[in-house]
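Taking it in order: structure first as structure tokens, then the write-up.
Derivation of every value follows stated rules applied to the coordinates shown; laboratory data play no part. The structure displayed is predicted, hence computed values, not measured ones. Heads up, the Cβs are rebuilt from the backbone with ideal geometry, glycines too, and the neighbour counts pull from every protein chain shown.
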Amino acid sequence: MNILDSTFVLGLDSGLCCLIVGITALPWSTRLKLALAFGIWDMCGSLAGAVCCDMVPAPPALAIWLCCAVLLGLAARVGVRWINVLPAVLSLDNLAAGAGVNDAIADGVSSATLALLGLSVGAILFRLFSGAWPQALDADRLRALEADGLKEEQ
């Protein structure tokens, strides 16, 4: 497999996960931070896999996807805090892939790009289902709640 194929495949899980997460009211600032987190974690996973690839056994793909499904379910039920764990869990495939050190940056950029693409498509789907766009910033959400006379629960 050449570098373009491998970076696409290693970032595809980030894109698919972010597509699911993106169909929520996450503000755009959070979406950008999440896409960046996916890129950084995947880059670090690729670097760690290149350094110690012989020491890390390849985990079964089904186990990784089941962990993701559980975390997505928890994220939907518990709150946004669980979404922040997803980039670390999804970087396990990069760790086990054992790509070269030179490929780590490409893996991170690919993952961040696909994550942002998934979050953007998710925002479009959110607009279609709810009739409203996600807020631009977290502060916009607070201003909207204050304008409605509501106070955000913490």
Exercise. Using 7 Å Cα-to-Cβ label points, what is the residue 101/residue 124 separation (nm, one decimal)?
Worked result: 4.0
Exercise. Once the piece of chain linking residue 109 and residue 133 is laid out straight, how much longer is it, given 0.36 nm per residue of separation minus the C-alpha distance between them?
Worked result: 6.0 nm
